[in-house]
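Here the structure comes first, spelled out in structure tokens, and everything after it is commentary.
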Amino acid sequence: MKHAYIFPGQGSQFPGMGREHYENSAFAKKLFEQANEVLGFRISDVMFNGTEEDLKQTNVTQPAVFLHSIIAYRSIESASPDMVAGHSLGEFSALVANGTLSFDDALSLVSIRAKAMQKACEMNPSTMAAVLALADDKVEAICAEVQNETGEIVVPANYNCPGQLVISGSIKGIEIACERMKAAGAKRALVLPVGGAFHSPLMEPAKEELAAAIEATKFHTPTCAVYQNVVAKAVMDKEEIKQNLVDQLTGAVRWTQSVQSMIADGASTFTEAGPGKVLQGLVLKINKTMQTSGVS
């Protein structure tokens with residue numbers, strides 16, 4: 001009977017996020033002020049008073065979700081994870097929870113990652129789309145077909161749960177793929193309001209910057225395994241953790257497979273720490289016998 005702690009990624013943000021923590025907890029207030037200092041701007045002001053549009057900027061969204069997740073996690077007095085995982089950006093929160101990274105170092109890396117991804121998005125206008133109710137192998141086959149026939153980039157990016165896969169690529173490639181997904185029987189193939197093609201080869205320009213920052217950061221021995229997105233299995237080795245963080249920029253988030261691995265390794269309870277309840281819902285779609293809860 002193992003307890004897994006899981007951490008959300010980009011998309012869980014909302015206006016006013018974290019304000020309650022700031023007002024009611026001296027510890028949370030201290031972390032917010034620490035974050036303002038590390039980032040060089042008052043992210044707390046944007047989180048509490050910014051519009052949805054303000055919070056959608058990648059260089060704001062990623063640190064905001066990370067910060068909210070760590071404050072939520074640290075408010076759980078009994079937290080002692082047997083294993084951790086995070087969805088995309090959430091992997092950095094997971095690495096703070098299992099002691100691999102300090103809060104300051106992880107926040108700095110999140111900020112560098114967000115800016116590098118933002119730059120990559122501006123270099124190549126691109127997008128993502130959610131495909132619902134179509135088998136994974138069918139989605140994979142259509143992506144490969146579109147790439148081969150058109151030369152456009154289209155790849156599976158997020159394996160969220162059975163019947164929900166997000167694809168990523170060039171704007172034209174995604175448009176063509178969406179039409180074909182619908183023709184193949186997808187219930188929906190919907191372009192998402194995102195800044196670019198995350199978890200696709202179009203993020204390659206961001207890799208070098210993140211890799212250099214990771215290399216310059218102190219990684220500690222984890223207290224428990226992290227189930228990383230790109231390999232979907234337990235990882236304890238520091239060097240492997242670093243490489244997987246870099247590979248994640250252009251590789252798929254294998255969330256379905258990660259949760260299945262955690263369950264195979266004994267997880268029966270999943271606690272989501274951070275804004276929203278998305279991951280709890282995904283866990284139950286992957287295996288409805290799991291116990292889930294959340295702290296936001």
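Brief remarks on what is shown
- Restricting the range 62-85 to residues that are crowded, with 22+ Cβ neighbours inside 10 Å and hydroxyl-bearing (Ser, Thr, Tyr), the residue that is farthest from the chain's Cα centre (by Cα) is Tyr73.
- None of Ala94, Ala120, Ala157 is in a helix (DSSP H, G or I), within 16 Å of the chain's Cα centre (by Cα) and crowded, with 18+ Cβ neighbours inside 10 Å except Ala94.
- Scanning the range 160-201 for residues that are of a type in the set (Gly, Ala, Ser), under 20 Å from the mean Cα position of the chain (by Cα) and under 27 Å from Lys288 (Cα atoms) yields a single hit, Gly163.
- Subset of the range 149-184 (residues that are out of contact with any helix residue (DSSP H, G or I) (no Cβ under 8 Å at 6 or more places or on another chain) and either over 12 Å from Thr250 (Cβ atoms) or modelled with pLDDT under 95 (or both)): Glu149, Gly151, Val166, Ile171, Ile174, Glu175, Cys178, Glu179, Lys182, Ala183
- Of all residues in the range 186-208, those that are under 14 Å from Gly11 (Cβ atoms) and β-branched (Val, Ile, Thr) have Cβ atoms under 6 Å from Cβ atoms of residues that are part of a strand (DSSP E or B) and modelled with pLDDT of 95 or more, 6 or more apart or on another chain, in Val194/Met128.
Yes or no, residue by residue, for (1) part of a helix (DSSP H, G or I); (2) without any contact (Cβ under 8 Å) to a residue 12 or more places away in the chain; (3) under 15 Å from Gly9 (Cβ atoms):
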| site | (1), (2), (3) |
| --- | --- |
| Asn229 | no, no, yes |
| Thr256 | yes, no, yes |
| Gln260 | yes, no, no |
| Phe270 | no, no, no |
| Pro275 | no, no, yes |
| Gln280 | yes, no, yes |
| Leu284 | yes, yes, no |
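The values are calculated or read from the model by the stated rules, or taken from the named source; none is laboratory data. Note that the structure is a prediction, hence the values are computed from the model and not measured. Here the Cβ is made from the backbone with ideal geometry for all residues, glycine too, and neighbour counts use every protein chain on show.
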